[in-house]
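Note sheet for the following structure.
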Amino acid sequence: MKHLRVVIGLMAMCIQCATSSAQVAGYATKDDLLIADASGTKAQVVISAQAGKFEKAAAADLVTYIERMTGAKPTLITAEELAQTAQKGSNPIFIIGEEALKADPSLKKELAKATKPNPVLRADAIVIRRKGNRVLLAGNHDEAHYYAVAHLLQLWGCRWYMPTDFGECIPHHEKLTVGKLDYAYGSPFEARQYWLAWNASMEGQSEFTRRNFGNNVHVPSGHNLATYTKELIPKGKTPFNVPIAEPSTAEHVAKQVAPLFAKGQNIMLGLEDGVYESDSPMDRELKSGIRDKYFMTPSMSDAFMVFYNNVSQSLLKQYPESTSKIGFLAYANITLPPQRKIVAEKPLVAYLAAIDIDPIHGMDDPKSPPRQEYREMMYRWAEVMQGRLVIYDYDQSMLVWRDMPNPSITGLRQDYHHYRKAGILGISTETRGAIATTFLNFFVRMQLAWNPDVSVEQLQAEFYPKFYGPAAKPMEAYWNAILNAWETSIVTEHEHFVAPAIYTPALVEQLRSHLEQAEKLFKGAKETNSHEQKLYRDRLQFTRLSFEVLDHYMAMVRAAAGDADYSKAIAAGDKGLAARLDLAKMNPTFTTRVIGVAAESEKSGAAWWPGEVQQYRDLKALTDGTKGTLVLKTPLEWAFRRDPHDTGLPSGWAYHNVDLTWWGNQKDKNTVSVHQRNPGEWEMLRTDLYPQAQGVISPDFHSYTGYGWYQTELNLTSRQTNGNVHLMFPGLFNECWLYVNGSLAAHRVQKPIWWENDYKFEWDVNLTGQLQPGRNRIALRINNPHHFGGIFRRPFLYRATATAENR
């Protein structure tokens with residue numbers, strides 16, 4: 001604990017503005033070692049002539065950033081050159097890496113104490129010690145030598161908040177010193193990786209990762225199992241139907257990977273990207289009727305663990321001394337931990353990839369039952385794997401696809417404490433980059449992965465002055481408002497459908513005010529041509545464009561979902577896409593890949609923003625005379641009632657009047673709490689936001705799943721009922737049954753897992769001849785088995801043109 005207290009204390013000393021009169025690394029004493037001041041520097045940076053890749057990079061960065069901080073450039077020499085000069089005296093000397101360990105052999109003992117014992121993949125530790133005029137910096141291997149220098153630079157106030165120069169904050173010091181400094185530390189996590197998936201720019205990733213103590217330590221675990229099981233696929237079946245736990249499958253696979261195992265090479269045996277449904281006798285027995293509620297299918301975890309253990313046992317029998325690791329994914333319907341007492345064989349390393357579990361809240365947040373469930377799953381998997389478990393998580397750029405801000409960093413602190421307690425091997429985060437979405441998320445993840453005890457509040461407090469300069473205060477208010485909105489939200493779902501629940505009109509206006517204040521402050525600041533002022537200007541422009549993306553996207557959603565005004569929605573959507581393009585042109589790391597910037601074309605379809613705008617163009621055509629004309633927008637609010645026991649069907653909820661007595665007695669209508677405490681009575685819900693986000697959740701915050709009923713009345717003229725009249729649900733989840741005037745009019749089938757369906761989520765129902773002049777009762781029965789449910793875009797009646805009807 002001594003070393004942890006030291007690092008937290010030292011980091012606290014680094015909260016400062018961009019310029020300071022003096023900065024000391026370590027604790028100040030009367031004998032501080034002067035590195036540089038107004039007179040220049042006599043410091044030398046020493047490495048071995050045989051230095052490794054990272055040791056060389058560490059020395060180069062130390063020289064570069066001392067010069068950036070002070071204007072004085074140290075001399076970079078080899079140990080052999082230093083020996084030839086036979087230099088004696090008090091000039092400062094930084095000795096890096098292997099030469100530092102030679103200069104003071106006791107450093108190895110300190111490193112050994114700090115290093116995680118018995119690592120599975122690789123342990124990382126550093127040691128830094130000042131002895132007189134010498135500063136010794138080393139790690140327990142080449143890359144760790146770099147971490148030692150990165151730590152020293154951070155003690156002097158250097159920060160790398162985001163990839164590329166955009167995220168680099170290097171302070172100016174009139175005087176740079178090293179005080180009392182004797183520090184050793186090793187991370188509890190062996191893997192500290194984030195990797196960029198498709199649709200991401202990799203610019204600046206490697207430097208950013210290394211400067212924040214990240215690494216690329218991993219065991220390949222991707223979707224690769226079918227490579228070895230393709231011969232076992234039953235006729236007419238898919239790769240997801242092979243027998244898993246049968247001993248013959250393990251032998252078949254082990255035979256193919258044995259040459260790799262014999263050489264000590266790591267092996268990738270992750271399941272394919274889908275749900276397995278084997279009907280082999282052993283698999284049926286091991287499934288035991290247990291279903292994974294997230295993937296709505298029988299859990300295959302026990303069967304897969306039997307398979308992986310059988311493969312490992314077969315290989316170990318042949319090559320007992322092999323150091324090979326076998327990576328696999330605890331993913332899809334093997335996310336639930338095994339239910340039997342199973343202990344993983346030693347070669348196995350699992351990556352727990354709970355792709356569909358709340359990415360917003362921390363594991364101890366009472367507002368997120370899914371995260372609390374995940375916490376217990378994680379601990380059980382860690383027990384099964386004997387600590388050889390890596391957390392494969394998905395940051396917010398993977399799960400909210402509109403390049404809007406979602407930093408969601410507050411809960412990370414909770415999670416990393418649990419990871420350490422569980423003995424997790426490490427963290428591997430999949431991301432699309434998209435700094436406009438993630439903002440500080442990567443930085444906080446990397447810092448916590450290195451040291452779970454780092455203060456997230458402290459990291460945030462020092463960030464704003466360093467990053468925004470004179471605009472720091474309003475920018476802190478801006479981002480804190482965003483962080484608070486996500487942290488306090490009841491939303492546990494993900495992707496762009498959640499945006500209206502977070503970015504309310506009131507929040508958007510609050511953000512606009514903070515941003516305008518920041519721009520005003522910056523405009524009033526003293527003009528200079530400094531590199532820092534240019535960065536401040538660029539960062540405010542980034543924030544302005546990021547806000548424009550958010551502002552226009554939310555205007556688009558409000559126009560489409562709330563007003564069914566598709567012309568307005570398209571105009572706002574086009575403006576938002578233009579702002580996003582400008583953002584991407586500033587720096588490709590700011591967004592997912594955008595057409596017009598990246599060589600790789602953007603993904604298409606309604607799941608992506610351009611496709612969503614196209615969806616509104618198609619809906620507009622149904623209302624503007626192109627393919628149809630608007631007859632009527634249905635009411636924005638419909639009555640709604642939960643039906644957990646499926647009593648609505650026999651009880652006639654399709655044709656009986658709704659009883660809104662309970663609702664009428666509530667004083668706090670349209671708050672989350674009023675819906676959350678509803679004992680099961682009819683209530684009023686908006687049709688521009690899915691029910692759970694409005695508060696249709698249990699008292700303990702579980703999202704409501706099961707049957708539910710909407711009902712509204714439409715008063716129509718005879719003219720409105722004439723012709724080919726359709727009821728369009730432009731945004732509707734779930735399997736549904738539509739009743740018109742008490743009779744079933746249509747049934748809509750959907751796959752139970754929401755994201756396996758067409759992302760338009762439309763339902764166009766032809767009601768020709770089923771509507772009558774006067775009062776019409778419209779009732780909608782839904783069955784929501786999983787996450788999102790119900791209506792999220794306002795329905796409307798339209799009359800199809802004859803041409804459109806005949807297509």
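Segment 487-507 and segment 414-435 have Cα centres spaced 23 Å apart. Cα centroid distance between segment 335-387 and segment 220-253, in Å? Going from one Cα centre to the other spans 24 Å. Cross-link reach is defined here as a Cα-Cα straight distance under 19 Å, omitting same-chain residues fewer than 8 places apart; for K30 the aspartates and glutamates meeting it are E174, D182.
A simple charge model with +1 on the Cβ of Lys and Arg, -1 on the Cβ of Asp and Glu and nothing else charged puts the dipole of the chain at about 720 debye relative to its Cα centre. A Förster distance of 30 Å, applied to the separation of the beta-carbon atoms of E516 and E681, puts the FRET efficiency at 0.10. Max-minus-min Cα coordinates of segment 425-554 on each principal axis give 48, 37, 24 Å, with the largest extent listed first.
For the peptides 639-652, 175-188, the ranking by mean Cβ contacts within 10 Å, running from highest to lowest, is 175-188, 639-652. Measuring only protein heavy atoms, the 1.4 Å probe finds R544 accessible over about 50 Å². Is the C-alpha gyration tensor of segment 571-724 telling us rounded, prolate or oblate? Criteria: a/c under 1.5 is rounded; beyond that, a/b larger than b/c is prolate, otherwise oblate. Since a/c reaches 1.5 but b/c is at least a/b, the shape of segment 571-724 is classed as oblate.
The relative contact order of the chain, computed from alpha carbon pairs under 8 Å that lie at least 6 residues apart in sequence, is 10 percent. Solvent exposure of Y319, expressed as accessible area, is near 80 Å², computed with a probe of 1.4 Å over the protein chains only. In this simple spin-label approximation, W755 and M202 carry label points 7 Å from Cα along the Cα→Cβ vector, and these lie 2.4 nm apart. Which label belongs to the value computed from this structure, given these candidates for semi-axes √(5λ) of the Cα gyration tensor in Å: (1) 47, 39, 33; (2) 53, 35, 22; (3) 49, 33, 26? Read-out from the structure maps to (2).
Simple rule: put +1 on each Lys or Arg Cβ and -1 on each Asp or Glu Cβ in segment 355-450, find the dipole, and look at G411, A449, Q372; the Cα lying farthest toward the positive end is A449. What's the long-distance tail for segment 261-384, i.e. % of Cα pairs beyond 21 Å? Counting every Cα pair in segment 261-384, those more than 21 Å apart make up 43 percent. When each of the peptides 335-345, 89-99 is scored by the mean number of other C-beta atoms lying within 10 Å of its residues, the order from highest to lowest reads 89-99, 335-345. Sequence-distant contacts, meaning Cα pairs under 8 Å at least 6 residues apart, place the relative contact order of segment 679-748 at 12 percent. Scoring 661-667, 42-48 by mean Cβ neighbours within 10 Å over their residues and listing the highest first yields 42-48, 661-667. Quick check: from the Cα gyration tensor, does segment 35-81 come out rounded (a/c under 1.5), prolate or oblate? Oblate.
Charge tally for F240 (other residues, Cβ to Cβ under 11 Å; Lys, Arg +1; Asp, Glu -1): -2.
Mean projected area of the convex hull spanned by the Cα atoms of segment 398-492, taken over all viewing directions: 6.7 nm².
Taking each residue as 0.36 nm, the span from D618 to E251 lengthens on full extension beyond its C-alpha to C-alpha distance by 126.8 nm.
Summing charges over neighbours of F213, with a neighbour being any other residue whose Cβ is under 9 Å away from its Cβ, gives +2 when K and R count +1 and D and E count -1. Placing +1 on the Cβ of each Lys and Arg and -1 on the Cβ of each Asp and Glu in the chain, which of I342, V242, L181 has its Cα farthest towards the positive end of the resulting dipole? Of the listed residues, the answer is L181. Could you please report the charge total around A344, scoring K, R as +1 and D, E as -1 over all other residues with beta-carbon less than 14 angstrom from its beta-carbon? Charge balance in the 14 Å sphere: +3. To check you understand DSSP bridge types, tell me what percent of the beta bridges within segment 31-172 (both residues inside) are antiparallel, rounded to 5. Looking only at bridges with both residues in segment 31-172, the antiparallel portion is about 45 percent. Accessible-area rank, largest first, for W763, W198: W198, W763, with all protein chains present and a 1.4 angstrom probe. Between the alpha-carbon centres of segment 514-544 and segment 609-685 there is a gap of 45 Å. Approximating the spin labels as points 7 Å out from Cα along Cα→Cβ, the E174-to-K230 distance works out to 7.0 nm. Of the beta bridges in the chain, as assigned by DSSP with both residues counted there, near 65 percent are antiparallel. Of K53/K473; K73/K534; K73/K113; K53/K421; K520/K620, which sit over 29 Å apart, Cα to Cα? Too far apart for the 29 Å limit: K53/K473; K73/K113; K53/K421; K520/K620.
In the complete set of protein chains, residue-level accessible area for K102 is approximately 140 Å², probe 1.4 angstrom. Got a sec? Charge dipole of segment 475-521, +1 on Cβ for Lys and Arg, -1 for Asp and Glu; which of P500, A518, Y478 is way out at the positive end? Result: A518. The charge dipole of segment 372-500, taken about its Cα centre with unit charges on the Cβ of Lys, Arg, Asp and Glu (plus for the first two, minus for the last two), comes to roughly 260 debye. Projected onto planes of every orientation and averaged, the convex hull of the alpha-carbon atoms in segment 508-638 covers 10.7 nm².
The values are calculated or read from the model by the stated rules, or taken from the named source; none is laboratory data. Since the structure is predicted, the reported quantities are computational estimates derived from the model, not experimental observations. Glycine also receives a Cβ, built like all others from the backbone with ideal geometry; neighbour counts cover every protein chain displayed. Surface areas here come from the heavy atoms of the whole protein model, side chains and all, with no ligands, DNA or RNA. Shrake-Rupley method; radii C 1.70, N 1.55, O 1.52, S 1.80 Å.
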